[in-house]
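Take a look at the structure below.
Readers should treat all values here as calculations from the given coordinates under stated rules, not as data from a laboratory. Values in this document were obtained by computation on a predicted structure and should not be read as measured data. So basically every Cβ, Gly included, is an ideal-geometry build from the backbone, and we count neighbours across all protein chains shown.
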Amino acid sequence: MKARVLIFLGAPGSGKGTQAKKLCEKFPGWLHVSTGDLFRKEIASGSELGKSVQEIIASGKLVSDDTTNQVFASQVERLLSQGPVKGLILDGYPRTRPQTQFLIDFCRKSGKLEDPKAIELLVSEEAVVERLSNRLINPRSGRVYHKLFSPPRVPGKDDEDGGELIQRDDDKPEVIRSRFKLYTSQRDGIVNELGNDRVNQVPGEGETSAIAAQLSNLL
């Protein structure tokens, strides 16, 4: 039986990561596939591809569609080889129309994955700014906190390793607005490639549990 592939679409800060984790906890056999985690794991593997990605990131450059696609394929093939998978929830990939084209082709060639579908979390620009400007990150693990909604037990410290939490440069208001506009400019290309009939929209503002319930019903 082929694994299902669900793309979470939405602007940065729309809650994709939070909701993906909740769904995977509720539905055994589903895996949360985050772009950031894929890059970190490819780098940690010591592969030539991982070394290339590390150099690109260290130089401050954007990782190209082609390299992002290679990392995605490498890491997803590894996940599928480790045992039965019922579904993948993609968080942060694809971000562009070319990445979407690659994903559709990859799923069809793999023989293990269904054609991808998507859920878009709808959140206003102002809500995104409020959410992300209060976000804190553990730079060692990628673990995320929020000063208002999910603060660490000790301010500025990670609950698990006790290390310092940081605010990413791209979580500053002026940068957040730029990222929001970038998402809206790329969104139509992704949806057009998938087909409107393969995209469901869910309001992403409100109680986290209520949003999670809607997503569970759709899944």
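Here are the numbers for this structure:
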read-out	value
Cut-off under 5 Å, modelled amide H: who pairs with Asp115 long-range	none
Residue pairs, from the table Lys41/Lys117; Lys22/Lys147; Lys26/Lys147; Lys16/Lys41; Lys109/Lys181, whose Cα atoms sit over 22 Å apart	Lys41/Lys117; Lys26/Lys147; Lys109/Lys181
Mean separation of Cα contacts under 8 Å (6+ apart) over length of the chain, as relative contact order %	29
The stretch 154-219, dipole about Cα centre (Lys/Arg Cβ +1, Asp/Glu Cβ -1), debye to the nearest 20	400
Mean ellipticity per residue at 222 nm, deg cm²/dmol - from DSSP H runs of n ≥ 4 across the chain, formula -39500 (n - 2.57)	-15000 deg cm²/dmol
Charge dipole magnitude, Cβ of K and R +1, D and E -1 - the stretch 84-219, Cα centre, debye nearest 20	320
Spacing of the two label points (7 Å from each Cα toward its C-beta) at Lys21 and Asp159, in nm	0.8
Difference of contour (0.36 nm per residue) and Cα-Cα distance, Glu130 to Asn217	28.5 nm
Cut-off under 5 Å, modelled amide H: who pairs with Leu136 long-range	Tyr145, His146, Lys147
Those trypsin sites (Lys or Arg not before Pro) in the stretch 1-73 that DSSP places in a loop and that have at most 13 other beta carbons within 10 Å	Lys61
Förster radius 25 Å - calculated FRET efficiency between Glu205 and Ile57 (Cβ-Cβ, nearest 0.05)	0.20
Listed peptides 89-100, 195-206 by packing density, highest first (mean Cβ within 10 Å)	89-100, 195-206
Integer Hz, Karplus 6.51/-1.76/1.60 couplings in order for the stretch 91-98, x for Gly and Pro	10, x, 8, x, 9, 9, 5, x
For Leu122, distant residues with modelled amide H under 5 Å away	Val202, Gly204
Ratio Rg/Rh, restricted to the chain and using Cα atoms, in which Rh is the Kirkwood radius	0.94
Approximate spin-label separation Arg198-Glu114, in nm, with each point projected 7 Å along Cα-to-Cβ	1.2
Cα centroid separation, the stretch 147-211 to the stretch 1-80 (Å)	15
